[in-house]
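Note sheet for the following structure.
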Amino acid sequence: MPLFRSPPVTTTSPMHHHHLVFLPTLLLVVVHFICAAASSSTSPNTEVAFLFSWLGTSPARPPDWSPASATPCRWSHVGCDAAGAAVTSITFQSVHLAVPLTAGLCAALPGLLSFIVSKANLTGGIPEDLALCRRLAVLDLSDNSLTGPVPASLGNLTASLKNLLLFDNRLSGELPASLGGLRLLESFRAGGNSDLSGPIPDSFSKLSSLVVLGLAETKISGPLRPSLGALKSLQTLFLDNTMLSGSIPPELAQCSNLIGVYLYQNALSGPIPPELGALPRLQYLLLWGNALTGHIPESFGNLTSLVALDLSINSISGSIPAALGRLAELQELRLTGNNLTGTIPVQLANATAIMRLQLDANEISGLIPPELGRSLPNLQVLYAWQNRLEGAIPATLVSMASLQGLDLSYNHLTGFIPPGLFLLRNLTRLMLMSNELSGVIPPEIGKAASLVRLRLSGNHITGVIPAAVGGMNSIVFLDLASNRLTGPVPAELGNCSQLQMLDLRNNTITGALPESLAGVHDLQKLDVSHNQFVGVVPKSFGKLAALSRLVLANNALSGSIPAALGRCHALELLDLSDNRLSGGIPDELCGLSGLGIALNLSHNNLTGAIPARISELSRLSVLDLSYNAFAGSLEPLARMDNLVTLNVSRNNFSGHLPDTKLFRQLPASSLAGNPGLCTKGGDVCFAVDADGRPITHRVHGLKLAVALPVTATVAIVLGMMGILLRAREVGGKVGGSDSEAGVVELGWPWQFMPFQKVSLSVDQVVRSLVDANIIGKGVSGVVYRVSLISGETVAVKKLWPAATCNNAGRDSFTAEVRTLGSIRHRNIVRFLGCCCNRSTRERLLMYDYMANGSLGAVLHKRQDHGGGAVQLEWDVRYQIVLDSAQGLAYLHHGCSPPIVHRDIKANNILIGLDFKAYIADFGLAKLVHNGADFSRSSYSIAGSCGYIAPEYGHLLKITEKSDVYSYGVVMLEVLTGKHPIDPTIPDGLHVVDWVRQHKGGAGVLDPALQGQSKTEVEEMLWVMGVAMLCVNAIPDQRPAMKDVVAMLGIFRSSTRSTPSSTSGSRTLSAQ
């Protein structure tokens, strides 16, 4: 769901003194200076010597840093006191230093007040002797690659340190309790260190000056301590995306200066403390994605400064307090996915600043208050779908001039659609599906020039589709399905030039299919099934080059199948069933290489033989030719290896059956009703050779001849295996197998299901699942690095416990992993196999191990590689972007049914030793059947913070286009070098909004990419343009992944051949 952006955090750097001496380090520095003085009477300034030595090996050492300088006070990045006698500040931001932070800094620079080295690829640990900087007020080491613990010695800077910024590194361990002694500390931010763990130290309650506490996106765990209430100066609390549990302590309300509380995506439970309603300055309260219960406190009506309240995806019950109407500053109220009941309080109309009101997926009943329309002029989004609302849509809603999105679907609304809704100039989405609305479609629909998405399906709307519909210049998705519409489709619909999806199914529409639709060049999906259309299928439909799904089933269409449909090369599904079509199957249809989902020609009057070229449909999964008058042999189907479902019943086919796995598994009903077709059991009906004998006779004879001599050997081997397996308590060594292999019993209680040739000992794998081998944790389980006896290394994911590992539960799990095991693509991490323990219910998934880790680690953590810090050049980044696009495109377009990943992010794209990219982590993957809204009733978070598509916040629905959005965010991450939600982006903007604000210009590119050639910059801007298409707020306007792959490939080819071309990048960026 879209996240509220946190306000920018400011830091201060006053100067204070503190006495602390680390004697061993100081002695070393003193000895160094004495030796230097003894060796030369003209030795350089000691500050010069130290600083030059520190950056001596850095690839980005400033050119004006000279060891011959008398003082560093004129150097860039260095600040000195007024007298120019001592260094007081060092500042490097977004400079690729790629060096460790060495000991001795404070001994060499005793006057240091501010040390800011952020996003500089610092490596190694934080030196303990930083506490020697007795006047240090600001220490900013954020966004580097620092490892190890937070030094406890920093807690000794009690008289000076005000800002301690360590976020976005690779720090680990627990936070030292000594930090609680930093009585002047105003800002402590250590979020984004995924291995920081343990509880929040109780000593933090002594940080009386603390204004900002940031520990988001860590493994900080345990309860929120009541002692935090002692932090009277605290204004911002960032504790989202951690492992906090327990209840929210009422004592938090004692932090009377709180402005922002960010506790979303944790495991917090229990009721929301009513005491929080006494925070007079609170502006942001984000508690979504927890397990909170109870009611929304009435006291929240006292939060007069509140701007955003998000309690979505919890288990909150009761009614919406009327007192929330007193919140004059409230702009966003999100209560999605709870158990709220009662009615929408009329008093909400008094909160006149509201811009976004989300009440969807609850149990709210009653009428929609008309007062909302009269009193909320700033409302942009109103989502109340999937509730129990009734009555009419208030006519007053037409007064909401700012309204952009209105979704009242899945309720019990009655009456007419207010015509004035179509006159709202800013309205882009109108969703009224699955209600009991009646009346006609108002002619005002033609004035809805801004409307992009209109869905009215599942109602009782009558009358004709008005000709005025052609005035919707921006419409992309028009859904009028499952109503009671009559009459013809107006030719004016062809004027909707932006239309991509048209759904008119399940009505009683008559007349011919309009030829004008052939002019809608972007049309991708056309479904007019279950109507009363007559006439022929227009030949002009062959001009629809973008058409991917054409469904004309259950009408009264006649004539032949137009050969011109063979020009619809994007077609993936063609359903012409249940009509009156005649003639044969045009050869041209066999050239539709992308036709991968289904070809359904059943229940027509088609004749002739199956074209020999039909085997060119190599990706086709479903073929239904039943209930026609086809004749001849079925042999042309023998080479259609990808077919999953085939029905040729009730025709005039004759002869033998092709000897393929599919035909041997076909049920008799799929062949029935062909009098001349051999359908007897056994081998006698399979294809015969020139002598009239079934070809399988020879094959089976050969198999028998080979099998007899080895039978005894196999028996002996099996006997020995049985002895060995019984001798092991768990596990055994399993040899190679293919994707057709079944479950291999490894002795009680383990089962192993291999999908690749792999030699492993399961008991060795199990013994390797120890904390020292953990390389990652996620929502689906823990990942371990396991070294096999063979010398290979694999990644083993131990899933969180399942409810069962046998019978029905095991069957479901087995079916899913078989699907994953069947995936073969060069840019998808190989799935080697899985194990299931019947006793403990443990489940293990085994993958290829990627030594370079994830894209996120390479981009942001600057992992060491080959002795030096990883620096991704543009060519490498481009290849990673293209590789991952190809892998995701295969999941969407090469698998049947398509697979939606559901959690595309930089950390789920792994990098091989050759820097090729591989899509990984199918822990959240779901099989998506055509048209299935599988997540409509699921309130679990799908995706990761910053990557989640915006529509998920109001639809809770994941589709392929959700993956496309997430992939677009990854592209921007590669181009800008910034996290999706990055503290360095001004005003707390998401990277998408930030890039959009800068209009996709070169100014947002990662500084590490500066200095590239003109051609490379053009490529970067082109890729950025493609990325911005992917992150379009409207799902249906995002490109398909196969189109993304094409766009990435085409432009590189053109730029490398014509380096001066820039028109492509300008065009895409403008969109």
(request) Pull up all non-local amide H partners of residue 630: gap of 5 or more, or a different chain, and H-to-H distance under 5 Å with H placed in the peptide plane. (result) 652
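Can you give the local net charge around residue 967? Use residues other than it whose beta-carbon is closer than 11 angstrom to its beta-carbon, Lys and Arg +1, Asp and Glu -1. Walk me through the numbers on the way to the answer.
Numbers: positive: 905, 961, 1038; negative: 960, 963, 973.
Its environment carries a net charge of 0.
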(message) Using a 7 Å offset from Cα along Cα-Cβ at residue 60, what residues in region 1010-1050 end up with backbone N under 16 Å from the label point?
(response) 1010-1012
(message) Could you derive backbone 3J(HN,Hα) for region 910-917 from the dihedral phi with the Karplus parameters 6.51, -1.76 and 1.60 (θ = phi - 60°), listing whole Hz in sequence and x where the residue is Gly or Pro?
(response) 9, 10, x, 4, 8, 6, 7, 9
(request) Please give the net charge around residue 228, taking every other residue with its beta carbon less than 14 angstrom from that of residue 228, where Lys and Arg add +1 and Asp and Glu add -1. (result) 0
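So if we plug the beta-carbon distance of residue 388 and residue 298 into 1/(1 + (r/R0)^6) with R0 = 22 Å, what FRET efficiency do we get, rounded to 0.05? Intermediate values should be presented prior to the final figure.
Numbers: r = 23 Å, r/R0 = 1.05.
The computed FRET efficiency comes out at 0.40.
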(request) Round to the nearest 0.05 the FRET efficiency obtained for residue 668 and residue 522 when R0 = 51 Å and r is the Cβ-Cβ distance. (result) 0.70
(message) At 7 Å along Cα-to-Cβ for each site, give me the label-to-label distance between residue 436 and residue 257 in nm.
(response) 5.7
(request) Might you report the magnitude of the Cβ-based charge dipole of region 416-536 about its Cα centre, with Lys and Arg at +1 and Asp and Glu at -1, to the nearest 20 debye? (result) 240
(request) Report the label-to-label distance for residue 319 and residue 45 in nanometres (one decimal), using points 7 Å from each Cα along the Cα→Cβ vector. (result) 7.3
(request) Show the residues, 5+ positions off or on another chain, whose built amide H is closer than 5 Å to the amide H of residue 465. (result) 486
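About the Cα centre, and with charges only on the beta carbon of Lys, Arg (+1) and Asp, Glu (-1), how big is the dipole of region 545-653? Nearest 20 debye, please. Walk me through the intermediate numbers first.
Details: 7 positive and 9 negative charges, 19 e Å.
Dipole of region 545-653, to the nearest 20 debye: 100 debye.
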(request) May I ask for the net charge around residue 504, where only other residues with Cβ less than 15 Å from the Cβ of residue 504 are counted and Lys, Arg are +1 while Asp, Glu are -1? (result) 0
(message) Take residue 534 and residue 395, extend 7 Å from each Cα along the Cα→Cβ direction, and tell me the distance between the two endpoints in nm.
(response) 4.0
(message) My understanding is that a pair violates if its Cα-Cα distance is over 21 Å; which of 961/999; 777/905; 162/978; 162/219 do that in this structure?
(response) 961/999; 162/978; 162/219
(message) Taking just the alpha carbons, could you work out the radius of gyration and Dmax for region 545-653, both in angstroms?
(response) 12.5, 35
(request) Can you tell me the FRET efficiency between residue 208 and residue 152 if r is taken as the Cβ-Cβ distance and R0 is 25 Å, rounded to the nearest 0.05? (result) 0.80
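Every read-out reported here was derived from the displayed coordinates using simple, explicitly stated rules and does not represent laboratory data. Note that this is a predicted model, so its numbers are computed, not measured. Glycine also receives a Cβ, built like all others from the backbone with ideal geometry; neighbour counts cover every protein chain displayed.
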